[in-house]
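*Asks:* One structure coming up, written as structure tokens, with questions to follow.
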Amino acid sequence: MKRFSWFNATSLTLGFVFLYMPMIILVIYSFNASKLVTVWAGFSTKWYVELFHNEDFLAAAVVTLKVAVVSSTFATVLGTMAAYVLVRQGRFHGRTLFSGMIYAPLVMPEVITGLSLLLLFIGIGLDRGIVTIILAHTTFAMCYVSVVVSSRLTTFDHSLEEAALDLGCSPFEAFRLVTLPIIAPAIISGWLLAFTLSLDDLVIASFTSGPSATTLPIKIFSAVRLGVSPEINALSTIMIGIVTVGVVSASLITKRAAVKRARDEQSAERS
Amino acid sequence: MASAPRSSGIKHASTAFAPWEDPDAKPLIQFKNVTKKFGDFTAIDDLTIDIYQREFFALLGPSGCGKTTLMRMLAGFENPTRGQILLGGQDIVAVPPNKRPVNMMFQSYALFPHLSVWDNIAFGLRRDKLDQDKIEERVAEMLRLTRLEQFAKRKPHQISGGQRQRVALARSLAKAPKLLLLDEPLGALDKKLRNETQFELMDIQEKTGTTFVIVTHDQEEAMTVASRVAVMDHGKMIQVDTPAGIYEAPNSVYVADFIGDVNIVEGNATVQGDRVHISFAEGADPIITAFDQPISDGQRVSYAIRPEKISVDREPLADRANHVRGKIEDIGYLGDVSTYHVRLPSGGLISALMTNSRRLARRDFTWDDEVWLSWTDTAGVLLTK
Amino acid sequence: MRRLILIAVPYLWLVALFLIPFLIVLKISLSDVALARPPYFPQLDLAEGWAGIKAFLSELDFENFVFLSTDDLYWKAYLSSLQIAVVSTLLTLLVAYPIAYAMARAADEWRPTLLMLVILPFWTSFLIRVYSWMGILSTEGVLNRFLMWTGIISEPLILLNTKIAVYIGIVYTYLPFMILPIYSALEKLDESLLEAAEDLGCSRLQAFWLITFPLSRNGIVAGCFLVFIPAIGEFVIPSLLGGSGTLMIGKVLWEEFFSNRDWPVASAVAIILLLILIIPIILFQRNEQKAREAGR
């Protein structure tokens, strides 16, 4: 019997109120007709209309999406390779340095990562813009991807790869036909993580972006520095909405798959 | 009983399947002075062995004895540190696993979870670039052999453990390998299913004529399925013989103790004609036994006798060479048989096994009864190792 | 050959875009500020060969670090960052533990949903989550209006642009990082251990202190590091919620770089920030290592 008491119920309720209240308030105030965020002046969608007419925001959103798609794809490829090297390739010269370089960016303060990349780009004379942001995001996101993928690879039954070799696959075929399809969910979540990190990033993008390319977080940051703005509330609401739909549907899909799998396994044992 | 061809008894009839006794027979697999080290750890220690075509060869031993390493060297997943491994006379050490005519059934089955039963079985055939209809024909044959026809479209998680085991077998047999390696093939099944599957495995081995090498830690399983059993310990072969040979004529205390129940008595030997007398306790009559190895007087020896070779009676049996008096300390009732633990006056404990041919109420002995244990002079084995 | 490519590609990428940039920071932190572009001196001139390298090395010095240690702005910023990180880590632990505990004790069919609800904010923009508190904490904000409406206070509290706001911001944004490791430690806890403890004479509270709490230690330690390490170098939260009065080292670095354009000093600040972080990072790795070994 689980010990579920009023104490647990209270902490859960208060905890989730704390986690969600600020976002709910933000969503509510995005429909406020008044420009003064603190006064409720009736329901209106005018901030959304204004947002969609704000060329600056739209341009920044396009840049952000481009950066996120490209950098998360690169990061997924590189991160998966790195994970495979770490988990499967055994010892080689400089392995310690390699795993250090994978884990260090995860704990490195963003200000330092951003600063160091900026100094590099200036040093080699690379003009700052969308390319430099992509390079920067790929680098730090690949480390996250490699952590996600390598944690899947370590629980991966090594004998599956051996079975593929035993049945006549070359090592590369074994990876393509067996390993890759099985770790695909981890690679996809790695990609999603990289994508979100890139969408989200303010600090590193601020260091590595130039006048030619501004991302949405940079725009938002410079707008909200001056105070609360209803347009940003509207933008936030849209972003929160997309994430919520995404996360909730992903969790429903995995839950349904898990239920189906459990049912299959049960009926298999009975037959 | 559908069974792999195999000999029974210590001396083999000439018609029995026993290529290892034929000096002209060419072994399929030869290990020549193979040593495998993992860092400082020696997994296989200067091991030499021949395995013949159509054999069902069992590698038996506790975990860490090197049996899995031996098998993985055959599959090509490990390379020997020293020595040669020959398959059909050719050194295969340099051949990668995907180029060897050897297939393996993995302990975890290693079924590809994203592929159906049919695709799992076809996996190896596809690698050989066979024609589609050839593949279909062969997969159908394998499904028939393993009675999996109606599960062809299912994924591995949609079938039971026993069915998964058969898919793994079908997949590894599909390429018609010269040699099939089975790593604890029945380890994941429950006892009842395991017994059924053992006979099925022997049946399939006979039908396909493939050479099987099985790794197991379950001595009963090894005894049931194998034509020969190799008992391993610390990277060395202790004894290689038929199941009956291993059981009835163990060559060491280790083997005697590892296979089945056994009473081990230590004592000093005295040769008296064609028999050896072993005095094992002050004031007790010596044990009289036949022997087949040179023994010197006063040598310290071990004597191994199986419980079922010892008879428990009120009076000593006149036709047996050995008699010992003792008191019943414990009775283990197992239904078909009972084990009697008899305490000797010298303090030693001997277990004896009697068939319960009568119902419980009419059984002869109970706790603390004084009884006589009797056995012949050929029932036990004299061991010097 | 394939193996070589497989290793070389991510390896070289990280050397080029992580290791080398880091070495550049190290180098610039030892250089002098100059009115040039790039605004620091000396420049390494490889064309002059070995003599160039020697000349370059002789120009490097610890001047920037000496400067940092003499100007108490930096001392204060480092100490204040440490203090804010420690306090907010402890606050996060206090908030997270009951939530994680209640989640682990919730019915099986509820747990995936609860877990999703904790993870969801993590996928939401960090910036937006911090921003959402600006509207709540301001003098005219939702919280003050609510408190005045209930009559608890008569004058609005000044919350925004104070350390309190920074604490709230850190607790709020890093809460999932604390909940998840504690939850996964508590979830593994065998219920029969508590029953055994009670059977042996513990009260429920004693059973919690003697069994549950020690067994969730690994999760607590992991969670604390996951909050503490990023909190020290935090930039967004102090700049949006902390106002000009809150000193944090991430913010100082940003300002040195963007406002004062003093690259050598910014680099030196970065190096010292890293030195401060090395100890908790190593401790964290040790803890993870131990947890992994214990898990086997």
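*Asks:* Taking segment C:102-120 only, how many residues are more than 21 Å from A:Thr244 (Cβ to Cβ), within 7 Å of another protein chain (Cβ to nearest Cβ) and surrounded by fewer than 18 Cβ atoms within 10 Å (Cβ to Cβ)? I'd like the intermediate steps shown before the answer.
*Replies:* Of all residues in segment C:102-120, those more than 21 Å from A:Thr244 (Cβ to Cβ) come to C:102, C:104-109.
Going one step further and asking which of them are within 7 Å of another protein chain (Cβ to nearest Cβ), we end up with C:102, C:105-107.
Then drop every residue that is not surrounded by fewer than 18 Cβ atoms within 10 Å (Cβ to Cβ), which leaves C:107.
Qualifying residue count for the region: 1.
*Asks:* For segment B:146-178, which residues satisfy the criterion of being surrounded by fewer than 18 Cβ atoms within 10 Å (Cβ to Cβ), more than 10 Å from chain A (Cβ to nearest Cβ) and part of a helix (DSSP H, G or I)?
*Replies:* Result: B:Glu149, single match.
*Asks:* Tell me which residues, restricted to segment C:26-36, are assigned to a loop (DSSP other than H, G, I, E, B), crowded, with 16+ Cβ neighbours inside 10 Å and modelled with pLDDT under 80.
*Replies:* C:Ser31
*Asks:* If C:Val166 meets every condition in (1) more than 16 Å from C:Leu226 (Cβ to Cβ); (2) β-branched (Val, Ile, Thr); (3) in contact with a Pro (Cβ under 9 Å, 6 or more places away or on another chain); (4) within 9 Å of another protein chain (Cβ to nearest Cβ) apart from one, which number is that one?
*Replies:* C:Val166 satisfies every listed condition except (4).
*Asks:* Taking A:Met81 and the conditions (1) at the interface with another protein chain (Cβ under 10 Å from one of its Cβ atoms); (2) surrounded by fewer than 14 Cβ atoms within 10 Å (Cβ to Cβ), which numbered condition does it fall short on, given that it satisfies the others?
*Replies:* That leaves (2) as the condition not met.
*Asks:* Also, I was wondering about something else. Is it true that C:Gly243 is farther than 17 Å from C:Trp75 by Cα, more than 15 Å from the chain's Cα centre (by Cα) and surrounded by 20 or more Cβ atoms within 10 Å (Cβ to Cβ)?
*Replies:* Values: farther than 17 Å from C:Trp75 by Cα: yes; more than 15 Å from the chain's Cα centre (by Cα): yes; surrounded by 20 or more Cβ atoms within 10 Å (Cβ to Cβ): no.
For C:Gly243, the condition - farther than 17 Å from C:Trp75 by Cα, more than 15 Å from the chain's Cα centre (by Cα) and surrounded by 20 or more Cβ atoms within 10 Å (Cβ to Cβ) - is not met.
*Asks:* Which is within 13 Å of chain A (Cβ to nearest Cβ), small (Gly, Ala, Ser) and free of Cβ contacts under 8 Å to residues at least 60 places away in the same chain, of C:Ala207, C:Ala222? Walk me through it before giving the result.
*Replies:* Details: C:Ala222 fails: free of Cβ contacts under 8 Å to residues at least 60 places away in the same chain.
Answer to the check: C:Ala207.
*Asks:* Here is a further query. Go through the residues of segment A:241-263 one by one and say whether even a single one is assigned to a helix (DSSP H, G or I), at the interface with another protein chain (Cβ under 7 Å from one of its Cβ atoms), closer than 20 Å to C:Leu115 by Cβ and of a type in the set (Gly, Ala, Ser).
*Replies:* Yes - at least one qualifying residue is present in segment A:241-263.
*Asks:* Additional query: With respect to C:Glu140, determine if the residue is facing another protein chain (nearest Cβ under 9 Å) and loosely packed, with under 15 Cβ neighbours inside 10 Å.
*Replies:* Numbers: facing another protein chain (nearest Cβ under 9 Å): yes; loosely packed, with under 15 Cβ neighbours inside 10 Å: yes.
Yes, satisfied.
*Asks:* Is at least one residue of segment B:239-253 of a type in the set (Gly, Ala, Ser), in contact with a strand residue (DSSP E or B) (Cβ under 9 Å, 6 or more places away or on another chain) and within 23 Å of A:Glu162 (Cβ to Cβ)?
*Replies:* Among the residues of segment B:239-253, not one is of a type in the set (Gly, Ala, Ser), in contact with a strand residue (DSSP E or B) (Cβ under 9 Å, 6 or more places away or on another chain) and within 23 Å of A:Glu162 (Cβ to Cβ), which makes the answer no.
*Asks:* Within segment A:58-73, does at least one residue satisfy the condition of being touching a Lys or Arg at 6+ places or on another chain (Cβ under 8 Å), of a type in the set (Gly, Ala, Ser) and more than 8 Å from every other protein chain (Cβ to nearest Cβ)?
*Replies:* Of all residues in segment A:58-73, those touching a Lys or Arg at 6+ places or on another chain (Cβ under 8 Å) come to A:60.
Those still in the list that are of a type in the set (Gly, Ala, Ser) too: A:60.
Checking which are more than 8 Å from every other protein chain (Cβ to nearest Cβ) leaves us with A:60.
Within segment A:58-73, one or more residues are touching a Lys or Arg at 6+ places or on another chain (Cβ under 8 Å), of a type in the set (Gly, Ala, Ser) and more than 8 Å from every other protein chain (Cβ to nearest Cβ).
*Asks:* Given the criteria at pLDDT below 90, under 25 Å from B:Arg54 (Cα atoms) and away from chain A (no Cβ under 12 Å), does B:Arg194 qualify?
*Replies:* So B:Arg194 passes the test.
*Asks:* Between residues in segment A:202-227 that are assigned to a loop (DSSP other than H, G, I, E, B) and residues that are of a type in the set (Ser, Thr, Tyr), which pairs lie under 6 Å by C-beta distance while being six or more apart or on different chains?
*Replies:* The qualifying pairs are A:Thr215/A:Thr64.
*Asks:* For segment C:144-166, indicate whether the set of residues that are of a type in the set (D, E, K, R) and either touching a Cys at 6+ places or on another chain (Cβ under 9 Å) or under 15 Å from A:Gly227 (Cα atoms) (or both) is non-empty. Quick ask: steps written out before the conclusion?
*Replies:* Initially, segment C:144-166 is screened for residues of a type in the set (D, E, K, R), giving C:145, C:155, C:163.
Next cut, either touching a Cys at 6+ places or on another chain (Cβ under 9 Å) or under 15 Å from A:Gly227 (Cα atoms) (or both) only: none.
No, that holds for no residue.
*Asks:* Name the helices (runs of 4 or more DSSP H) wholly within segment C:144-231 that hold at least 3 residues that are surrounded by 15 or more Cβ atoms within 10 Å (Cβ to Cβ) and not hydrophobic (A, V, I, L, M, F, W, C)?
*Replies:* Details: elements: C:163-187, C:191-199, C:204-207.
Once the helices (runs of 4 or more DSSP H) in segment C:144-231 are filtered for at least 3 residues that are surrounded by 15 or more Cβ atoms within 10 Å (Cβ to Cβ) and not hydrophobic (A, V, I, L, M, F, W, C), what remains is C:163-187.
*Asks:* A follow-up question, please. Name the pairs whose Cβ atoms lie under 8 Å apart, with the first residue in segment C:257-281 and touching a residue at least 40 places away in the same chain (Cβ under 8 Å) and under 21 Å from A:Ile102 (Cβ atoms), the second surrounded by 16 or more Cβ atoms within 10 Å (Cβ to Cβ) and of a type in the set (Asp, Glu), and 6 or more positions between them or separate chains?
*Replies:* Partner pairs satisfying both residue conditions: none exist.
*Asks:* Inspect segment C:140-154 for any residue being hydrophobic (A, V, I, L, M, F, W, C), at pLDDT 90 or above and in contact with a helix residue (DSSP H, G or I) (Cβ under 8 Å, 6 or more places away or on another chain) and give the result as yes or no. First the steps, then the outcome.
*Replies:* Of the residues in segment C:140-154, the ones hydrophobic (A, V, I, L, M, F, W, C) are C:142-143, C:146-149, C:152-153.
Then drop every residue that is not at pLDDT 90 or above, which leaves none.
For segment C:140-154, residues hydrophobic (A, V, I, L, M, F, W, C), at pLDDT 90 or above and in contact with a helix residue (DSSP H, G or I) (Cβ under 8 Å, 6 or more places away or on another chain): absent.
Rundown of residues vs (1) modelled with pLDDT of 65 or more; (2) in a loop (DSSP other than H, G, I, E, B); (3) closer than 30 Å to A:Thr96 by Cα, yes/no style:
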{"residue": "C:Leu17", "(1), (2), (3)": "yes, no, yes"}
{"residue": "C:Pro21", "(1), (2), (3)": "yes, no, yes"}
{"residue": "C:Ile24", "(1), (2), (3)": "yes, no, yes"}
{"residue": "C:Pro38", "(1), (2), (3)": "no, yes, no"}
{"residue": "C:Ala47", "(1), (2), (3)": "no, no, no"}
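*Asks:* Next question. For the condition more than 20 Å from the chain's Cα centre (by Cα), facing chain C (nearest Cβ under 9 Å) and more than 19 Å from A:Asp201 (Cβ to Cβ), what is the one hit in A:Phe121, A:Phe156, A:Phe92?
*Replies:* Answer to the selection: A:Phe92.
*Asks:* Is there a residue in segment C:182-202 that is more than 14 Å from chain A (Cβ to nearest Cβ), in contact with a helix residue (DSSP H, G or I) (Cβ under 8 Å, 6 or more places away or on another chain) and of a type outside the set (A, V, I, L, M)?
*Replies:* Step one: list which residues in segment C:182-202 are more than 14 Å from chain A (Cβ to nearest Cβ), which gives C:185, C:188, C:196, C:199-201.
Within this subset, residues satisfying the condition of being in contact with a helix residue (DSSP H, G or I) (Cβ under 8 Å, 6 or more places away or on another chain) are C:185.
Filter again for of a type outside the set (A, V, I, L, M), leaving none.
No, there is no match, as no residue in segment C:182-202 is more than 14 Å from chain A (Cβ to nearest Cβ), in contact with a helix residue (DSSP H, G or I) (Cβ under 8 Å, 6 or more places away or on another chain) and of a type outside the set (A, V, I, L, M).
*Asks:* How do the strands (runs of 3 or more DSSP E) wholly within segment B:53-125 filter down when requiring 1 or more residues that are of a type in the set (S, T, N, Q) and free of Cβ contacts under 8 Å to residues at least 60 places away in the same chain: which remain? Step through it out loud before you land on a result.
*Replies:* Values: elements: B:56-60, B:82-87, B:102-105.
Those strands (runs of 3 or more DSSP E) span B:82-87.
*Asks:* Being closer than 20 Å to A:Val178 by Cβ and at pLDDT 90 or above is the filter here, so list the residues in segment B:128-151 that pass it.
*Replies:* Narrowing segment B:128-151 to residues closer than 20 Å to A:Val178 by Cβ: B:128-130, B:135, B:139, B:142.
Across segment B:128-151, the qualifying residues are B:Ile135, B:Val139, B:Met142.
*Asks:* Another question, if that's okay. Please verify whether A:Leu177 is farther than 30 Å from C:Glu109 by Cα, out of contact with any Ser or Thr (no Cβ under 9 Å at 6 or more places or on another chain) and not aromatic (Phe, Trp, Tyr), treating the condition exactly as stated.
*Replies:* Values: farther than 30 Å from C:Glu109 by Cα: yes; out of contact with any Ser or Thr (no Cβ under 9 Å at 6 or more places or on another chain): yes; not aromatic (Phe, Trp, Tyr): yes.
It is true that A:Leu177 is farther than 30 Å from C:Glu109 by Cα, out of contact with any Ser or Thr (no Cβ under 9 Å at 6 or more places or on another chain) and not aromatic (Phe, Trp, Tyr).
The values are calculated or read from the model by the stated rules, or taken from the named source; none is laboratory data. Please read these numbers as outputs of a predicted model, since none were measured by experiment. Cβ: placed from backbone, ideal geometry, glycine included. Neighbour counts: every protein chain shown.
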